[in-house]
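Peer 1: One structure, as structure tokens, below. Some questions next.
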Amino acid sequence: MSAEIKMVDYSDISFAMKLIEECFDKFVAPDYSEKGIRIFKDSFIHNQRFIDKFSDGSERMYGAYSEGILVGCLSISNHNTISCVFVKGEFHRKGIGTLLFDTVIKELKEHNQRFIKLNASPYAVPFYHAIGFEDIGEAVDYEGIRYTPMIYDFFMCD
């Protein structure tokens, strides 16, 4: 499947947040407690301070567009930490997530960066392992949010 990967314009962040919430509810929330679901949504989807980070540049969002429609997104901080990666269910296993990561990794390498970190939901761990991420700690449950801390070291994965 082909998709165009480009930066999500700040004026389209609300569309990305809807995609994130839809995918979170379907794929991630079943592994979280009610408290964890509320904390995730309050920290990311419904948090204006987080959303404003896309305007001030401390967070960037890449979108995957198929026929002009946003079907996946990846957000990353200026500290190379991934905050959100979501792809619509009907586009799973079609290379969209990999395209998003390939784009970000290429850009970061061009700026002499070395790694990306993230906290993977139980649902996403197999995908991250498949594209080269490694666990850097045990899976934990923090306030109802289950995750495994991971890293992708560009020089170890090449």
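The values are calculated or read from the model by the stated rules, or taken from the named source; none is laboratory data. Please read these numbers as outputs of a predicted model, since none were measured by experiment. Cβ coordinates were reconstructed from backbone atoms using ideal geometry, including for glycine residues, and neighbour counts include every protein chain displayed.
Peer 1: Can you tell me which of F127, F115, F86, F54 is under 18 Å from F15 (Cβ atoms), of a type in the set (F, W, Y) and out of contact with any Leu (no Cβ under 7 Å at 6 or more places or on another chain)?
Peer 2: F54
Peer 1: Report yes if S83 is surrounded by 15 or more Cβ atoms within 10 Å (Cβ to Cβ) and of a type in the set (G, A, S), otherwise no.
Peer 2: Against the criterion (surrounded by 15 or more Cβ atoms within 10 Å (Cβ to Cβ) and of a type in the set (G, A, S)), S83 qualifies.
Peer 1: What strands (runs of 3 or more DSSP E) completely inside segment 61-147 contain at least 2 residues that are within 15 Å of the chain's Cα centre (by Cα)?
Peer 2: Of the strands (runs of 3 or more DSSP E) lying wholly inside segment 61-147, those with at least 2 residues that are within 15 Å of the chain's Cα centre (by Cα) span 69-77, 82-87, 115-120.
Peer 1: Quick one: would you say D12 is assigned to a helix (DSSP H, G or I), over 14 Å from the mean Cα position of the chain (by Cα), at negative phi and at pLDDT 95 or above?
Peer 2: no
Peer 1: If you check S43, S55, S33, which single one turns out to be over 25 Å from R114 (Cβ atoms) and in contact (Cβ under 8 Å) with a residue 60 or more places away in the chain?
Peer 2: Unique residue meeting the criteria: S33.
Peer 1: Please identify the pairs in which a residue from segment 124-145 that is farther than 28 Å from F91 by Cα has its Cβ atom under 9 Å from the Cβ atom of a residue that is of a type in the set (A, V, I, L, M, F, W, C), counting only partners at least 6 apart or on another chain.
Peer 2: Every condition considered, the pairs that remain are I136/M150; I136/I151; G137/M150; Y142/I39; E143/I39.
Peer 1: Could you pull out the residue among I69, I45, I13, I5 that is closer than 25 Å to T148 by Cα and either touching an Asp or Glu at 6+ places or on another chain (Cβ under 7 Å) or among the aliphatic types (A, V, I, L, M) (or both)?
Peer 2: I45
Peer 1: Next question. Quick one: which of K26, K18 is surrounded by fewer than 14 Cβ atoms within 10 Å (Cβ to Cβ) and either over 22 Å from V104 (Cβ atoms) or among the hydrophobic types (A, V, I, L, M, F, W, C) (or both)?
Peer 2: K26
Peer 1: Is there a residue being over 21 Å from F133 (Cα atoms) and either free of Cβ contacts under 8 Å to residues at least 40 places away in the same chain or acidic (D, E) (or both) anywhere in segment 83-91?
Peer 2: Yes: one or more hits.
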